[in-house]
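Please treat every number below as a calculation from the coordinates, not as lab data. In this text the structure is predicted, and so the values were computed from the model without any measurement. Methodologically, a virtual Cβ is constructed for each residue, glycine included, from the backbone with ideal geometry; neighbour enumeration extends over all protein chains shown.
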Amino acid sequence: MNRELARVRLDNNRVYRYLRRLTRVMDDYYLDAAVGLIPGGIGDAATTLVSLAFVYVGAVVVRSPALCVALLNNTIRDLLIGLIPFYIGDVLDVFHRSNRQNLRLIDGYVDGDAEVVRQVHSRVWQGVAVIVVMLAAIVGLVWFTARVLSALF
């Protein structure tokens, strides 16, 4: 009954319905890869911002921290794949289809699919590691930028 209630709440959620349509457009029509072609990482950043809606659904609608970390892990991986230079990342982005993966994780988790639930829980530690590495990289870049600016001025 609890899963049925969660499924009804999910199906009635406006953001979730939007994500179902978005997934079809972004992954089936390869709009995710096409937007990723915008130079300077702007396209990849834009698709990442759109993909954060999946994390919102995991946090607010499904209310699962483990699912949120798994969704965030997929989103960060998609960003990193898209940032690979010389259009290699954009080609790989065609095959990665992170929006479809995120939607499958949400649906399977709510429906109680044992394989998906196991996948979500196994990706938690991987997601935490990715987030820690990204934060360390950001701190390192800020430190490096501060050092360079202080040396110049």
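For residue 113, no residue has an amide H sitting under 5 Å from its own, ignoring neighbours fewer than 5 places away on the same chain, with H placed 1.01 Å from N.
Sequence-distant contacts, meaning Cα pairs under 8 Å at least 6 residues apart, place the relative contact order of the chain at 25 percent. When each of the peptides 130-140, 106-116 is scored by how many other beta carbons lie within 10 Å of its residues on average, the order from highest to lowest is 106-116, 130-140.
Measuring how big the chain is from its alpha-carbon positions, Rg and Dmax come out at 17.3, 65 Å. From the Cα gyration tensor of region 90-139, with a ≥ b ≥ c the square roots of its eigenvalues, which class applies: rounded if a/c is under 1.5, or else prolate if a/b is larger than b/c, or else oblate? Verdict is oblate for region 90-139.
Positive-end ranking of 134, 46, 10 along the dipole of the chain, with charges on Cβ about the Cα centre, is headed by 10.
The mean of 1/r over all distinct Cα pairs in region 1-61, once inverted, gives the Kirkwood hydrodynamic radius of 12.8 Å. With both labels modelled 7 Å from their Cα along Cα-to-Cβ, the residue 143 to residue 8 distance reads 5.3 nm. Dipole size of the chain about its Cα centre, with +1 on Lys/Arg Cβ and -1 on Asp/Glu Cβ: approximately 400 debye, rounded to the nearest 20.
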